[in-house]
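So the structure is just underneath, and the comments pick up after that.
The values are calculated or read from the model by the stated rules, or taken from the named source; none is laboratory data. Predicted model only: the values in this text are computed from it and were never measured. Cβ atoms come from the backbone with ideal geometry, glycine included; neighbour counts cover every protein chain shown.
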Amino acid sequence: MHDVIIIGGSYAGMAVALQLVRARRQVLVIDAGRRRNRFADASHGFLGQDGADPAEIARTAREQLSAYPTLDWIEGTAAGASGMRDAFHVTTTDGARHEGRRLLFATGVSDALPSIHGLAERWGRSVFHCPYCHGYELDRGQIGVIATGPMSVHQAQMVAEWGETTLFTNASVAPDATERADLAARGVAVEETTIARLDGVAGVVLADGRRLDFAGLFTLPANAPATPVATTLGCELAETAFGTQIRTDGAKETSVPGAFACGDVARMPHSVSLAVADGAFAGMAIHRSLVF
């Protein structure tokens, strides 16, 4: 019986684990090894780690955690969760069963990308979702925003802070007159011809044959929990402007007492630094639930 089982061993999950093992609690981390930012070469906006290889950040964190004797780590995939506060059970795809008094979901989210030829191959390299993470490196160059829905207008308004911007509506959004006036005031061009494919580093080839080249592109994928394991326990989901996430209260507890969630799967917006902060807070909240 572990004090806490953490499903997901990326930045948020490890931040939770660090608080708990430092409180000398028995912690089990089950990690499938698929970091959301595994396609990116550098992580930005994380104090003290700006520009670092995200894989190296994760490796260092794992190495530091391994020094604590109350940590157990399984490289595997959680298949299901059941039980209740003080008596949770987690099964993995290899058939193993693990018990814990508390449960923490830090599974991260999946990104449903626009169905545009060439986009997936550039995701995290020249096509991004967060200007705070990648905008500065575009060096005030030309930026394209590929619309996926109404929030893409807001994204174009924001991204214009980092460079001259073009919003590709791509049959996904129709800005109204007020929005068009605001976009124009920010210097954002609106291109309504649909996109045929992406080419080169960040080139956009339109259906009419025109090609526009950019320093980088942004888009808003639809998000959902990376695995359905939380819903197998009965955790409620919350709708957001960007998809769904696990619903939590102010202490990061889900609708199932004793089960918690943090990181990208339980908060907006998303970044490494925010995931780590959310995990540290969740770790303290879980410990308090064990004490009191």
Original post:
Could you say whether any residue in the stretch 183-193 is loosely packed, with under 15 Cβ neighbours inside 10 Å, within 28 Å of residue 81 (Cβ to Cβ) and among the acidic types (Asp, Glu)?
Top reply: no
Original post:
Can you tell me how many residues in the stretch 141-165 are farther than 20 Å from residue 122 by Cα and surrounded by fewer than 22 Cβ atoms within 10 Å (Cβ to Cβ)?
Top reply: 9
Original post:
Any idea which of (1) surrounded by 19 or more Cβ atoms within 10 Å (Cβ to Cβ); (2) over 27 Å from residue 132 (Cβ atoms); (3) under 20 Å from the mean Cα position of the chain (by Cα); (4) not basic (Lys, Arg) is the one residue 236 doesn't satisfy?
Top reply: (1)
Original post:
Quick one: would you say residue 24 is touching a residue at least 24 places away in the same chain (Cβ under 8 Å) and not in a strand (DSSP E or B)?
Top reply: yes
Original post:
From the list 220, 233, which residue is closer than 30 Å to residue 24 by Cβ and not small (Gly, Ala, Ser)?
Top reply: 233
Original post:
Which residue pairs have Cβ atoms under 6 Å apart, sit 6 or more places apart or on different chains, and have a first residue in the stretch 98-117 that is closer than 19 Å to residue 8 by Cβ and among the acidic types (Asp, Glu) and a second that is modelled with pLDDT of 95 or more and part of a strand (DSSP E or B)?
Top reply: 99/89
Original post:
Which residue pairs have Cβ atoms under 9 Å apart, sit 6 or more places apart or on different chains, and have a first residue in the stretch 248-266 that is more than 20 Å from residue 89 (Cα to Cα) and surrounded by fewer than 19 Cβ atoms within 10 Å (Cβ to Cβ) and a second that is aliphatic (A, V, I, L, M) and modelled with pLDDT of 95 or more?
Top reply: 250/285; 251/282; 251/285; 251/286
Original post:
Does any residue of the stretch 178-191 turn out to be under 25 Å from the mean Cα position of the chain (by Cα) and among the aliphatic types (A, V, I, L, M)?
Top reply: no
Subject >> From the options 244, 231, 248, residue that is at pLDDT 95 or above and within 17 Å of residue 83 (Cβ to Cβ) >> reply: 231
